[in-house]
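The values are calculated or read from the model by the stated rules, or taken from the named source; none is laboratory data. Nothing here was measured: the structure is a model prediction, and the numbers come from that model. Every residue, glycine as well, gets a Cβ built from its backbone with ideal geometry; the counts of neighbours run over all protein chains shown.
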Amino acid sequence: MTTELDREKRLRKKAMSLPLRPGVYLMKDKSGTIIYVGKAKALKNRVSSYFGSHTNHTTKVIRMVEHVQDFDYIVTDSEFEALVLECSLIKQHSPKYNILLKDDKGYHYVKITKGDWPRIDAAMQLVDDGSEYIGPYTGSFAVRQTVDEVKKIFRLPQCTKSFPVTHRQRPCLNFHISQCSAPCAGKISQTDYKRSVEQAVEFLKGGSAETVKRMQAEMEQAAENLDFEKAAVLRDRINAITKFGEKQKVVSADVAEQDVFALAQSQDKACLAVLRFFAGRLCDTEHFIIDAPEDDAVARYELIMGYYSMRERIPPRILIDSLPQDAELIAQWLSEKLGKKVSFVIPQRGGQLKLLEMCRSNASEKLALSLGRKGKDTAALDELARLLGLASPPEYIESYDISHTAGTDNVAGMIVFKNGQPYKQAYKRFKIKGFEGQDDCASMAEVLERRFTHYFEENAKPEGEKRDEGFAKLPDLILLDGAEMQVNAVRAVFLRMGVDVPLYGMVKDSSHRTRAITGEGGEISINSKRSAFTLVSRIQEEVHRFAIEYHRKRRSAGISTTLTQIEGVGQKRAAALLKHFKSVNAIKEAGFDELCGVKGVDKRSAQAVFDYFHPDKG
């Protein structure tokens, strides 16, 4: 019986016999099905790397290799030829372990019927009915929006009535607001109606500039002929087209034609969002939900190759949030398909950066919707991960703060944010036990050491035994309410205990507001990162609130204990005195008559309190 070790040895031996030339390899499972297609600059090196140590392999690669029973390969003359072949084979075989984009976007058309009273409508498919079709377009929203606007501009019917009508009818509201010429009421001749439809089709095919130019000439000619009614109609249409163009420029780019790509991630899923610009205007949007990638550069490579394998139109410029693996090869492939140079651009400032941020925001919103979360929380976690250089968004964040009064009643609070929201069932409180006096660094080190001691204890429990949720889970990120000194003190604890969790401090400004995050590389400003700044500020405010609330509770309990030591003063009278005087010092300074004035405190108790604090006057 062949063992797992025998299988890998056999495959590695076969891989070591491959040439050191570019090519494509096809991994197959026991049924002979192709489960992964990859390209290589040197086939021998790349394929043999799968069947040795798995130390540097991602989880996905390890799972794939476990199912490989055989592989084929195709030698090419160059790595570029390998890329083109790889793309073709992935499209042909849809391998399980390649990132595949599901193209469920239908095509849409603008339909113009024939006859004496033609109509313009949006259509989802071509039908052999004698009508003229303009398209296809991939965005249904854009098609419907354009058709609706064109009907309003050229005053074409938006109803479902057939023309000509057998008898004239009262015109509807659209006629009275100048959005329909009311052929149902005989308000326009057949000749003028057909001319309006021709102008609308011309506008749809040629764009606004050419249409406006021709209509301007017609308007001037009508005015010369003293046909002022026709000139006025043309003037209104030109104004409407101009307004429509301004409306479309609400989302526009200073580059005529480009696509914008951004990737938003959670720990389980990711979303690729695409904004497509043509003639400087947003013409289409798409998004794809995939399993969270383990290697961002490789994922972007597969996503972009997959996307342009499905789409005919390729722009000369692609805005992207991070370069894909083999970016130069992909650009070469796209350039050959387009017939001119295609380039990747990572914008750093200005309008182009805003477009990228809008695309990333769309990706976060779509991802959050698929996960049943809030888009702003997903966007904030994604932005924080990029800011700190984390492999994936920190969905489980712990934060710590110390609270005391001049070194007395030292306590700490631990809060948890899960998926960007407070997760109060995992909050913990700590009383500092290791020393007396004020030392925030030592306090923070003690608290984190106790926290991870609990972590190891909880995870050492026998399977099936209940575990403390707040301690048993390893966080994705720890934020300390403190600067570099606290971070360094805790990092020393982590090194000693073998804990590997991203660790940063939250730095406040002179007004005690969040200013930056500090780590090993120094301070990281977050003021310009709106989503991350808001999230970190919320965390810092919440951990401070939680820690100081616990400190006040313990301090109040200690004060209450002092008062209850007085004969005749129980918990109720102690509480009444504190409520009235606000502090023990104020009670100590109060005279006998003032003490008697407290509701619930009789003369005997008042005398006992006065004598307790003034033994020399007894």
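Every residue, every condition in (1) under 23 Å from ASN419 (Cα atoms); (2) out of contact with any strand residue (DSSP E or B) (no Cβ under 7 Å at 6 or more places or on another chain); (3) modelled with pLDDT of 90 or more; (4) not in a loop (DSSP other than H, G, I, E, B), yes or no:
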{"site": "GLU449", "(1), (2), (3), (4)": "no, yes, yes, yes"}
{"site": "GLU463", "(1), (2), (3), (4)": "no, yes, no, no"}
{"site": "LYS466", "(1), (2), (3), (4)": "no, yes, no, no"}
{"site": "GLY470", "(1), (2), (3), (4)": "yes, no, no, yes"}
{"site": "PRO475", "(1), (2), (3), (4)": "yes, no, yes, no"}
{"site": "ILE478", "(1), (2), (3), (4)": "yes, no, yes, yes"}
{"site": "ASN488", "(1), (2), (3), (4)": "no, yes, yes, yes"}
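Is it the case that LEU381 is assigned to a loop (DSSP other than H, G, I, E, B) and outside the structural domain of VAL493 (by TED's automatic domain parsing)?
no
Quick one: in region 158-210, of everything that is aliphatic (A, V, I, L, M), touching a helix residue (DSSP H, G or I) at 6+ places or on another chain (Cβ under 6 Å) and modelled with pLDDT of 80 or more, which residue is surrounded by the most Cβ atoms within 10 Å (Cβ to Cβ)?
Applying the filter and picking the extreme gives ALA200.
What single numbered condition from (1) free of Cβ contacts under 8 Å to residues at least 24 places away in the same chain; (2) closer than 24 Å to TYR423 by Cα; (3) of a type in the set (D, E, K, R); (4) touching a strand residue (DSSP E or B) at 6+ places or on another chain (Cβ under 7 Å) fails to hold for ASP509?
Among (1) free of Cβ contacts under 8 Å to residues at least 24 places away in the same chain; (2) closer than 24 Å to TYR423 by Cα; (3) of a type in the set (D, E, K, R); (4) touching a strand residue (DSSP E or B) at 6+ places or on another chain (Cβ under 7 Å), ASP509 violates only (2).
Restricting to region 306-344, count the residues that are aliphatic (A, V, I, L, M) and without any contact (Cβ under 8 Å) to a residue 60 or more places away in the chain.
Within region 306-344, residues that are aliphatic (A, V, I, L, M) and without any contact (Cβ under 8 Å) to a residue 60 or more places away in the chain number 7.
Being at pLDDT below 90 and not in a loop (DSSP other than H, G, I, E, B) is the filter here; which residues of region 422-440 pass it?
Within region 422-440, LYS431, ASP440 qualify.
Under 7 Å between Cβ atoms, which residue pairs at least 6 apart in sequence (or on different chains) link something in region 195-211 that is β-branched (Val, Ile, Thr) with a partner that is at pLDDT below 65 and assigned to a helix (DSSP H, G or I)?
THR211/ILE241
Of the residues in region 490-530, how many are surrounded by 18 or more Cβ atoms within 10 Å (Cβ to Cβ) and either modelled with pLDDT of 90 or more or under 13 Å from TYR400 (Cβ atoms) (or both)?
7
Let's see how each residue does on (1) modelled with pLDDT under 90; (2) within 21 Å of the chain's Cα centre (by Cα); (3) not assigned by TED's automatic domain parsing to the domain that holds LEU272:
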{"position": "ARG313", "(1), (2), (3)": "yes, no, no"}
{"position": "PRO316", "(1), (2), (3)": "no, no, no"}
{"position": "GLN325", "(1), (2), (3)": "no, no, no"}
{"position": "ILE330", "(1), (2), (3)": "no, no, no"}
{"position": "LYS341", "(1), (2), (3)": "no, no, no"}
{"position": "GLY351", "(1), (2), (3)": "yes, yes, no"}
{"position": "LYS354", "(1), (2), (3)": "yes, yes, no"}
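Identify all residues within region 269-296 that are in contact with an Asp or Glu (Cβ under 6 Å, 6 or more places away or on another chain) and either under 13 Å from TYR307 (Cα atoms) or outside the structural domain of ARG313 (by TED's automatic domain parsing) (or both); write none if there are none.
VAL274, ARG276
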